[in-house]
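Working notes, structure below.
The values are calculated or read from the model by the stated rules, or taken from the named source; none is laboratory data. Just so we're clear, the structure is a prediction, and the values are computed from it rather than from any experiment. Because the Cβ atoms are built from the backbone with ideal geometry, glycine has one as well, and the counts that use them run over all protein chains shown. Accessible surface areas use protein heavy atoms only, side chains included; no ligands, DNA or RNA. Shrake-Rupley method; radii C 1.70, N 1.55, O 1.52, S 1.80 Å.
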Amino acid sequence: MSWATQFKIAIAGRDAAKVLEAFEALPPLERLSKEEAQELYDYLEQSVAILGEAREHEADEIAKMKKVRQFLKTNPYGGGNPV
């Protein structure tokens, strides 16, 4: 599968992991034509947005885990024992 197809699939699915896989599948940039370089630029712009969304989601999940952890530490029924 070509790098362009990998980017199209990753972007359509808004899948951060697939975006990273597509990035790793890139050929050396010197081998890209001007049209391919422009296409890659467009894909990278969209990919940055997807990775930013994924980062925000992960930060939210970490914050939730920290709140639960703090609750378990302070809750007399939680016992403060690590899970």
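Using a probe radius of 1.4 angstrom, the carbon and sulfur fraction of the accessible surface of the chain is 57%. With a simple spin-label model that places each label point 7 Å from the Cα along the Cα-to-Cβ direction, the separation between Asn75 and Ala25 comes to 4.4 nm. Adding -39500 (n - 2.57) for every DSSP H run of four residues or longer, then dividing by how many residues the chain holds, sets the calculated 222 nm ellipticity at -25500 deg cm²/dmol. Per residue, the accessible area of the chain comes to 79 Å², computed with a 1.4 Å probe over protein heavy atoms only.
Here the Debye sum runs over all C-alpha atoms of the chain as equal scatterers in vacuum, and log10 of I(q)/I(0) at q = 0.19, 0.24 Å⁻¹ comes out as -0.80, -1.07.
Computed packing ranks the peptides 28-37, 1-10, 61-70 as 1-10, 61-70, 28-37, most packed first, by mean other Cβ atoms within 10 Å.
Subtracting the Cα-Cα distance of Tyr41 and Asp60 from their residue separation scaled by 0.36 nm leaves 3.9 nm.
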